[in-house]
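This is the structure I have questions about; it appears just below.
The values are calculated or read from the model by the stated rules, or taken from the named source; none is laboratory data. Note that the structure is predicted; figures quoted are calculated from it, not measured. Here Cβ is always computed from backbone atoms with ideal geometry, including for glycine, and neighbour counts include all displayed protein chains.
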Amino acid sequence: MDTTTDKVIQITDAAVASLRQTAQREEVGLATTYLRIAVIPGGCSGLTYDLGWDTHKNDSDLLLEEGPFRVIIDQRSAAYLSGSTLDFSDGLEGKGFHFHNPQAVRNCACGESFGL
């Protein structure tokens, strides 16, 4: 059973554009591939974000349609990501994807991990 949600995470236009370029460069077939967003243990603050392509959706995954992407998020990660925004920048803070998570009470200096 698919669970659809649009409230777990917002993806900015800049992130969608960069993801689209990445998918094209990596020859990812968006008709058969999902964008998986997850929170996994790791990093100096305890938790880290994981962003990647996946061809398998679990029945319990949340599904979000964002532009040309079908985004899947496991239930545990969804609790950590609620209210977050995924953005992309190439400015002074470093080029790449950045998560803005209102639940994070601490972030590591490199911006790759967070803690609650």
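So Gly96 clears everything in (1) in contact (Cβ under 8 Å) with a residue 24 or more places away in the chain; (2) at positive phi except one condition, right? Which one?
Gly96 satisfies all of (1) in contact (Cβ under 8 Å) with a residue 24 or more places away in the chain; (2) at positive phi except (1).
Sticking with this one: Pairs, please: C-beta under 8 Å, at least 6 apart or cross-chain, first residue part of a strand (DSSP E or B) and surrounded by fewer than 18 Cβ atoms within 10 Å (Cβ to Cβ) and in segment 18-44, second modelled with pLDDT under 95 and charged (D, E, K, R)?
Ile40/Asp50
Now for a separate question. State all residues of segment 67-88 that are among the small types (Gly, Ala, Ser) and modelled with pLDDT of 85 or more; if no residue qualifies, say none.
Here is the first cut: in segment 67-88, the ones among the small types (Gly, Ala, Ser) are 67, 77-79, 82-84.
Hits for segment 67-88 are Ser77, Ala78, Ala79, Ser82, Gly83, Ser84.
So in segment 51-89, with the set limited to residues that are acidic (Asp, Glu) and outside any strand (DSSP E or B), which one is surrounded by the fewest Cβ atoms within 10 Å (Cβ to Cβ)?
Narrowing segment 51-89 to residues acidic (Asp, Glu): 54, 59, 61, 65-66, 74, 87.
Keeping just the survivors that are outside any strand (DSSP E or B) gives 59, 61, 74.
On the way: Asp59: 7, Asp61: 21, Asp74: 17.
In this case the residue turns out to be Asp59.
So how many residues does segment 66-77 have that are closer than 10 Å to Leu35 by Cα, of a type outside the set (Val, Ile, Thr) and out of contact with any helix residue (DSSP H, G or I) (no Cβ under 7 Å at 6 or more places or on another chain)?
Residues flagged as closer than 10 Å to Leu35 by Cα, of a type outside the set (Val, Ile, Thr) and out of contact with any helix residue (DSSP H, G or I) (no Cβ under 7 Å at 6 or more places or on another chain) within segment 66-77 amount to 1.
Sticking with this one: Please find, among Asp6, Asp2, Asp54, Asp61, the residue that is farther than 18 Å from Phe99 by Cα and at pLDDT below 90. Walk me through it before giving the result.
Numbers: Asp6 fails: farther than 18 Å from Phe99 by Cα; Asp54 fails: at pLDDT below 90; Asp61 fails: at pLDDT below 90.
From the options Asp6, Asp2, Asp54, Asp61, the qualifying one is Asp2.
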